4 protein chains.
Amino acid sequence: MLQLKKINSHLVFGACRIGRDPFGDQTRPEISALDCIKGLADRNCYGFEFHDNDIIPFGASAAQSDAIVSGIKKCMSDNNIKATMATTNNFYHPIFKDGAFTSTDPAVRLFATQKVMRCIDIANELGSEIFVFWGGREGVEVDASKDPIEAFKWFRESLNFLCNYVRSQGYKIKFSLEPKPNEPRGDLYLPTVGSVLAFINTLDHPDMCGINPETAHIKMAGLNPYHEFAQALDAGKLLDVHLNGQKPLRFDQDLTFGSDDLKEAFFTTKLLIDHKYAGTIGFDCHPYRTESNPWDFVDRNLRTYKIMQEKVKQFNENKEIQSILKEVHGASKNLQGSLSKFTPEAATKLKEMTFDPTALASRKLPYEKLDQLLTELILGVL
Amino acid sequence: MLQLKKINSHLVFGACRIGRDPFGDQTRPEISALDCIKGLADRNCYGFEFHDNDIIPFGASAAQSDAIVSGIKKCMSDNNIKATMATTNNFYHPIFKDGAFTSTDPAVRLFATQKVMRCIDIANELGSEIFVFWGGREGVEVDASKDPIEAFKWFRESLNFLCNYVRSQGYKIKFSLEPKPNEPRGDLYLPTVGSVLAFINTLDHPDMCGINPETAHIKMAGLNPYHEFAQALDAGKLLDVHLNGQKPLRFDQDLTFGSDDLKEAFFTTKLLIDHKYAGTIGFDCHPYRTESNPWDFVDRNLRTYKIMQEKVKQFNENKEIQSILKEVHGASKNLQGSLSKFTPEAATKLKEMTFDPTALASRKLPYEKLDQLLTELILGVL
Amino acid sequence: MLQLKKINSHLVFGACRIGRDPFGDQTRPEISALDCIKGLADRNCYGFEFHDNDIIPFGASAAQSDAIVSGIKKCMSDNNIKATMATTNNFYHPIFKDGAFTSTDPAVRLFATQKVMRCIDIANELGSEIFVFWGGREGVEVDASKDPIEAFKWFRESLNFLCNYVRSQGYKIKFSLEPKPNEPRGDLYLPTVGSVLAFINTLDHPDMCGINPETAHIKMAGLNPYHEFAQALDAGKLLDVHLNGQKPLRFDQDLTFGSDDLKEAFFTTKLLIDHKYAGTIGFDCHPYRTESNPWDFVDRNLRTYKIMQEKVKQFNENKEIQSILKEVHGASKNLQGSLSKFTPEAATKLKEMTFDPTALASRKLPYEKLDQLLTELILGVL
Amino acid sequence: MLQLKKINSHLVFGACRIGRDPFGDQTRPEISALDCIKGLADRNCYGFEFHDNDIIPFGASAAQSDAIVSGIKKCMSDNNIKATMATTNNFYHPIFKDGAFTSTDPAVRLFATQKVMRCIDIANELGSEIFVFWGGREGVEVDASKDPIEAFKWFRESLNFLCNYVRSQGYKIKFSLEPKPNEPRGDLYLPTVGSVLAFINTLDHPDMCGINPETAHIKMAGLNPYHEFAQALDAGKLLDVHLNGQKPLRFDQDLTFGSDDLKEAFFTTKLLIDHKYAGTIGFDCHPYRTESNPWDFVDRNLRTYKIMQEKVKQFNENKEIQSILKEVHGASKNLQGSLSKFTPEAATKLKEMTFDPTALASRKLPYEKLDQLLTELILGVL
C-alpha cells in the first residue's frame, strides 16, 4: 500500500491561507493551529510543518510560548503526528521590511537571529529535525542600496552563528535553505537551487546544511524542477521537498501538486522513487481563494502524489518503454567507463582514438515515440 | 584613461554571426578568422576568444591544424593581440545532437572529450589561460530519455578527465563553465550561475575550475545579473565574464551590452570595479541580422562599457548618494560585528537581548530618492 | 469513430524540419514535397498546408512554378488529400531582413505583396480556401528605426491591396493572420490573438479576414491558449488553428500537441468541440532535432488529439463533474438575464435593489474538488 | 516649459499603498483621501484618479456618500485639482472572489453593475470624464469552472448595460478598459491591449469605449509597451495611460516610471509626443514597501517623465540620428504610395514588376549605430 511520509502544515496555517491576496480581503475563517494539526492527522498525514508565528504570536512572552508548546505536544501525542519541520517567520513583521539576516541594520540582524534561536529551541522541543530558512525578505528592489557581496556576508554570519548554536546545544537538527527568485522582494538573494547549494559550501559547517527546494519557486525562474531537485540529490543535500504547482514566470501561485503540469509531477515523483529519497514529502501550497475550506485541497495533494507513484511504477515496468531505454543506453558498450579514471596512458590512448562522426551522428533516437508512450501512460490509455 | 582589458571574438566569428537565424538565411559574408583578429586589434582590443572550429574546420588533419595555428600566432604577434580564452564547439555538428559529455553513447562522450583535449593543446599553444565549457547540447527535450543524475555523472567524468589532462601536461590553464537555462535544448543542465558553482564543488579539482557567466543567459531565467555575477565573485570563482544584452525570458538574443537595460549594465560594471575584478571583459554578442558589417557593433560595446565605468565613478563620488548610503549603513553602530564570532556566551547574550520591533520597523529608508538619484545619474542629468 | 479533419504539412516541410537550429547543423535529410504529401495521406490526414517555397523554389520561373503545381495537383488527386491552407514565406530570404510588408523600403513591400499574389494564385489553383499571413519579419530590434504606427499603416496597405486582389479575381479565399510575440525579430508587431483581432477591424474588408492562432505562440507570451482561442471564436474569427506545445516564455519550440501541458491540450480540444468549431485542425510543430524521421511525430499528434476528444466526452458526461457545474451555475436563478436588455426602468430597478454581500461572499465554490476530478479524468483514473 | 497634465491618485490611495504585501504587514500609515488630494495638488499635479472605495467606504449609505463627495468637491476646488478618472473597486471585497461581471452568480453580477452605476454618478458629480474598468477578478484559476465564451457574454452584458446607463443619463463620460494578464487571478480575461481593443468591437457602443493600458501589465506578458500603446493610439482608442515600471514576467510590481527600463520609458514618451496624445498622463504605481512616506515617489515619476520629454526633443532634433532615419526611410522613393489604392490595373502592374532581390537584400541598415546614438542620448553623453 502506498503511503505518504508527511504532509506539511503550510497547507492550512498562515496569513495567506485565509484567502487574502494583494488585491482582496480574507474569504474564509482562519483555522486554529490545534485544529490544523488535528485535521491533518485525521487525514493520515505523518507530520506537519510550522513557522514559529503559526503557533506562537509575534511578541509572546516565554511563559505564553511554553504553554502553547505544551498544548501542541499534547495534541501531537494524542493524534499521533510529528512536527517534521520547523521554520521562522522572518518576513511578515515590518521590522523585516528591508531584510532579516541581510538588513543594513545590525539590530535587525540580531533580532532575526535571536528569533531563529528561540524557534530552534521549540523545534528541538517538538522533535523537528529539519529547520528551514526561507529568506523571504533577503533581497532588494533598489540595488543601489546594498552590495550583494556584503549581503552574502551578513547572511553567512547569521547562518554560521546559528549552526554553532545548534551544535553547542547538542540538538539533532539540520538546516535546510529554501530558494526563491523574487516576490515579495523585487529580487531575492540565493534565487535558485544551485545558488543555495553553492552558498552552503561557503559556510563553516556545510555538513549540517542542505536544501528544501519548492516546485513553484523553481518554475518562477522557468527552470525544470526535475533537474533542480536532481542536482540537490546528486550533491547529497536534498533534506526535504516542497511539492506544489505553478504556472511558470508569474506571481507565486502555490497551486496543488500536479494541478498545472502533470508531466513535471510525474518526473519529480520518479526522481524521488528512483533515487530512494528518504526525507519527508511536504506539500507547500494553499487552497484557491474561492475555496471555503481547505480540506478538499489537502486530500487532492495526497491523491495526486499516490497516483503518480503508481504511474512511476508502471513506467519502470513497461516493456516497450524499457526496451527503448535499453537500446538508447546500450550504445558502444565496449567503451563504457573509459573516462572514469584518468591516467596519462588513458589520455594518450584517447587522443589517438579514431571515430566516425557521420555514423555516430546518424544514431536513431526514437524520442518522439518514447515521449508519446509516457504521455499515454500519464493519460491512462497505455 | 579608461581601458578595456579584452573584447572577445564571439563578436565576429561563428555561424550565427553571418546573420542566419532559425527562420532566415545568411545576410552578410563571413569574415575570415585572421580578418576578425586583425579587425579587433585595429580597434585596440586587448584580446580575442575562439571556439576551435572558428579557426580550424571540423575534421581538419593535425597538419592542417598546425598550419592554421601558426598563422594565427603570427597574426597575434603582428597585431599585438592576445587569445585570452579558448573553448570547444561541441554543439554544432550533428554528432552532438543529444549531448556531448552527456550523450548516452560513450563513443560520443569520448569523441567530445578528445576534441576538447586537442583544443586545450591549441589554447596552450596560443597562450590562452582560460578554457571555457558551454554545454550547448548538454540537456534534453525528453526527460524520459535520461536520468539527470546519470547525466551529471557523465559530465563530471569528462571534466575530471580533462582537469587531470591539463595538470598532467603542466599547462597553465583554468576551466571556466558557462551556464545557460535553455536553447538550443529544451532544458540545459546546469542552467544558472549557482548550479555551476555547486557542480564545481563536486569535481576532483575544484580549485582549477570557475565560472564564465553571461548576462543574456542569466536574463533568460529572469534572474538579476548583478546578484549572479556577485555570487561567482564572492565564491572566488569569477574567472571571466561575458557581457551583453537580452530581453528577459525569451530566445537568446545576444544583444550589445547595455542596449536593452542600462541600469543592469551600470550595476554589472559597478560590481567589477568595486571588487577589483582582474579578469578580462568579454562581450559575447552578435550584430543585428540587419547589419551589413560588424564593426559598428564592436565599437559600441566598448563605448558603452567605458561610459558605464565613468558613471560608476560618479556614483561613488556623488555626495548626496554617498550620504544616503552612509546613513542607511550606519544604523546601530554599537551592534556591528556582534554575529561575526560564535561563543556560547555570545549566544546567551543574544538570547537575552531586548529589542523594540516597532522602533526598528519605522526606520526611514529613502530608497525612492536614492534610486532616483541613480536614475538621473544614468540619464546624465544629475 | 473519431476523425481528424486535417493535419498540416508544417510537420514535415521547411528549413527547420531538417533538424537545423541556431546552434547546430542539419541532422536528417529533407523530404521532398511530394513525399511529404504522400506520407501525410498515408496516415489518413485530410489535408496539408504549405508555404510557397515549400513546393516552389524562391525565384522559380512561371513555367517552373506551373509544372510543379501540376505535379502537386496530381499527387493530391492520387492520394485523396486536400491543400487546406496556403501561405507565403516572406521571412527566409535576406530581402526580408527588416520586414516584408513593414520594410522601410517600398520596393521590398511591393516585392512581398507580389510574392503573396502569386502564392494566392497557386492557393486558388490547389483549392486552398484559407490563406495565412505569419509576419515573421514584421517587427524590430531597434525601435528607433521605425514608428510602429507607420508600420501598421504599411501592413494594412498590403493586406487591403491583397484583399481587393482576391475579390477582384473572384477567388473563394479567406485571409487568416497568425500572431507571435517575438522571434525571429526582437519584438514582432501584432503579437497576440487580441492584437490581430483588433487590427482586422481596421482593414477595408474585415469580413474576409480572420485568425490562425498557434498554441506555442500564445504560450511565448505566457497567455492561456484556452482563453485566447475562445476570444477568436467569440469574435467569429477562428478560421483555423495551429495546435502544438511549448514551454512558456522561451524560444519557439513547436513541440507536439499535448507533449508539455496536458491540461491545456484538454481545454483547447474542449473549446473546439463545445463550440462546434468547423475548421481544420492543423498541427504546426516539428520533430525533435534528435529524431531521424518525422513520421512517429506525425502519428503522435493525431493520437493525442483523439485521446483528448475522448476525455472531453467523458468530462461532459461525468455525473459528479456535471453536478458540481450545475450547482455552480445555478445560483440566483430568478435573477438570470436581468442585464441582457437595458431600459431606463431596468436601470432604476437595479439601482434600488438590495443585496447581502456577506451572504453572497460566502458561497461554496468547490473548485479544488472540481479541478481534482478533471485531473484524475485526464490521468485516466476517474 | 514642460508640463504634466495629470498624475493619478493610485500613487497614494488604496490597500497596497500602506506597504502591505502578500507576505508582509502594513509598514506605513494610510493617508486620508483628502490629504492625498491635497498632497498631489501641492506637487502641481493637474488631477487625481480614484476608486469608489478610496473615498467612500464599502457599504456606506447614500447620505454618507453624499457628504464625502461634497467634501472632496470642496477640496478639489480649494486646491485647484481635477478628478480626471474614476473607477470602481470590484475586486477587494470577498463577494467578488470568483468575478464581478463574470461571476457565475447573477446576483453578484448585478451587485457589481449597481456598484459601478453608483460610482458613475459620483464620477459625473466630480467631473471625471474617463471611467475605467480593471477586471481584477474577471478570470479563473480553474478553467473547468467556466466557459470563457460565457464569461465574455456576461462581461459584455454588464458593459452594454452601463454604456446605455451613461447615455440615458446624458453624462459626458467615456469608458476605458484596463487589461492585465494575471494576478490576482491565475489568468485574467482580456489580458492584453489587443484583446481589449478587439472586445470593444463586440460591444453595442464601441464609440464610447477605449483603453487604459498600463506599462507594467504589458510587461507582465513580456510584450513591448511602445508597440502596445501604439496599437491603441492607431485604433483611436487611447483614452488614457497608466505609466509605471515592471521587471518582465513576474508579480505585479508597479514600480516608478522609468526606474527599471529607461529605453522603454523613452519610447513611450516619444510615442505620446510624436502622435500628439491629448489625454492625461497617469502614473499608476506605488512606493517601495520600505518607504516611510510616498511623496519622494510622486516627485520622481514627474521628474523622470519631464526628463524623457527633453530626451525626445533632443532625439527629434539630433542631426546624426535624423540623417540616418532619413536615409533608412528614403529608399526607392519612386515606389512610395504604390500600394495605397487598389485597382485591377495596379494589381496587373505589380504582378509584372521585376525586382532584384539580391540588391534589395544588401541594403545597409546602420541600426547598431542608430541604437548606440540613442543609447548615448539617453545616457546624456551625446
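Observations, loosely collected:
- Across the identical copies, the label point of residue B:80 (7 Å from Cα in the Cβ direction) is separated from its matches by 6.6, 7.9, 8.4 nm, in order from shortest.
- Distances in nm from residue C:322 to the matching label points in the other copies, shortest first (labels 7 Å along Cα to Cβ): 4.1, 7.1, 7.7
- Antiparallel %, DSSP beta bridges [both residues in the protein assembly as shown], to 5: 15 percent
- Euclidean distance of C-alpha centroids, segment D:103-146 and segment A:347-376, integer Å: 59 Å
- Trypsin sites (Lys or Arg not before Pro) within segment B:277-382, DSSP loop, no more than 15 other Cβ atoms inside 10 Å: B:341, B:364
- Rel. contact order, % - alpha carbon contacts under 8 angstrom, at least six apart, chain A: 15 percent
- Residue C:227 sits with roughly 10 Å² accessible to a 1.4 Å probe, with DNA, RNA and ligands left out of the calculation.
- Chain C pair-distance distribution - Cα-Cα, 20 Å bins, rounded %: 25, 53, 19, 3
- For segment C:119-176, the fraction of alpha-carbon pairs lying more than 12 Å apart is 71 percent, rounded to a whole number.
- Accessible area of segment C:278-382 belonging to carbon and sulfur atoms, whole % at 1.4 Å probe: 51 percent
- Per-residue packing, averaged as other Cβ atoms within 10 Å, sorts the ranges A:205-218, C:92-105 into the order C:92-105, A:205-218, beginning with the highest.
- Only Cα pairs under 8 Å and 6+ residues apart enter the sum, and on that basis the relative contact order of segment A:109-200 stands at 37 percent.
- Taking every protein chain into account, the accessible area of the protein assembly as shown amounts to 32 square angstrom per residue (probe 1.4 Å).
- Working note: 222 nm ellipticity from helices only, DSSP H runs with n ≥ 4, each -39,500 (n - 2.57), summed and divided by the residues of chain B, gives -14000 deg cm²/dmol to the nearest 500.
- Kirkwood-based shape ratio for segment B:10-83, expressed as Rg/Rh from alpha carbons: 1.00
- With both residues required to sit in chain B, DSSP beta bridges show an antiparallel share near 15%.
- Extending 7 Å from the Cα toward the beta-carbon at both residue B:358 and residue D:351 defines two label points whose distance is 8.5 nm.
- Shape class of the protein assembly as shown from the Cα gyration tensor (axes a ≥ b ≥ c, square roots of the eigenvalues): rounded, since a/c falls below 1.5.
- A cut-off of 5 Å between modelled amide H atoms, ignoring neighbours fewer than 5 places along the same chain, links residue C:134 with C:88, C:178.
- Legend: helices of chain B (whole DSSP H runs) are marked when their alpha-carbon atoms reach 27 angstrom or more along the helix axis and their mean Kyte-Doolittle hydropathy is at least -1.0; marked are B:106-126, B:148-169.
- Cβ-based charge dipole, chain B, positive-most Cα from B:200, B:246, B:100: B:200
- Other protein chain Cβ atoms within 10 Å, averaged over every residue that makes up C:236-249: 2
- One residue of chain B places its C-beta nearer than any other to the axis carrying B onto D; that residue and its whole-Å distance are B:380, 1.
- Förster radius 30 Å - calculated FRET efficiency between residue C:73 and residue C:207, Cβ distance, rounded to 0.05: 0.55
- Segment A:198-339 shape via C-alpha gyration tensor axes, a/c threshold 1.5: oblate
- Toward the positive end of the charge dipole of chain D, with +1 on the Cβ of Lys and Arg and -1 on the Cβ of Asp and Glu, the farthest Cα among D:370, D:335, D:357 is that of D:335.
- Taking the Cα centre of segment C:67-111 as origin and assigning +1 to Lys and Arg Cβ atoms and -1 to Asp and Glu Cβ atoms, the resulting dipole is close to 180 debye.
- About its Cα centre, the dipole of segment C:307-382 is roughly 240 debye, where the only charges are +1 on Lys and Arg Cβ and -1 on Asp and Glu Cβ.
- Computed Rg/Rh of segment C:54-113, alpha carbon atoms with Kirkwood Rh: 1.09
- Chains A and D together bury roughly 3300 Å² of accessible surface, counting both sides and using a 1.4 Å probe on protein heavy atoms.
- A label point on residue A:341, set 7 Å along the Cα-to-Cβ line, lies at 4.8, 8.8, 9.1 nm from each of its counterparts in the other copies, closest listed first.
- Overall, the protein assembly as shown carries a charge dipole of about 0 debye about its Cα centre when +1 sits on the Cβ of Lys and Arg and -1 on the Cβ of Asp and Glu, all other atoms neutral.
- The mean number of Cβ atoms from other chains found within 10 Å of a Cβ in peptide B:250-257 is 5, as a whole number.
- Separation of alpha-carbon centers, segment B:212-262 and segment B:265-312, rounded to whole Å: 12 Å
- Percent carbon-and-sulfur accessible area, segment B:133-269, ignoring ligands, DNA and RNA, probe 1.4 Å: 44 percent
- Cα gyration tensor, segment B:129-252 - rounded (a/c under 1.5), prolate or oblate: oblate
- Of the residues D:59, D:32, D:44, the one whose Cα sits farthest toward the positive end of the charge dipole of segment D:17-61, with +1 on the Cβ of Lys and Arg and -1 on the Cβ of Asp and Glu, is D:44.
- Divide the volume of the convex hull around the Cα atoms of segment C:222-262 by the residue count and you get 74 Å³ per residue.
The values are calculated or read from the model by the stated rules, or taken from the named source; none is laboratory data. Not measured: the values here are computed from a predicted model. When we count neighbours, we look across all protein chains shown, and the Cβ atoms used for this are built from the backbone with ideal geometry, even at glycine. Surface areas here come from the heavy atoms of the whole protein model, side chains and all, with no ligands, DNA or RNA. Shrake-Rupley method; radii C 1.70, N 1.55, O 1.52, S 1.80 Å.
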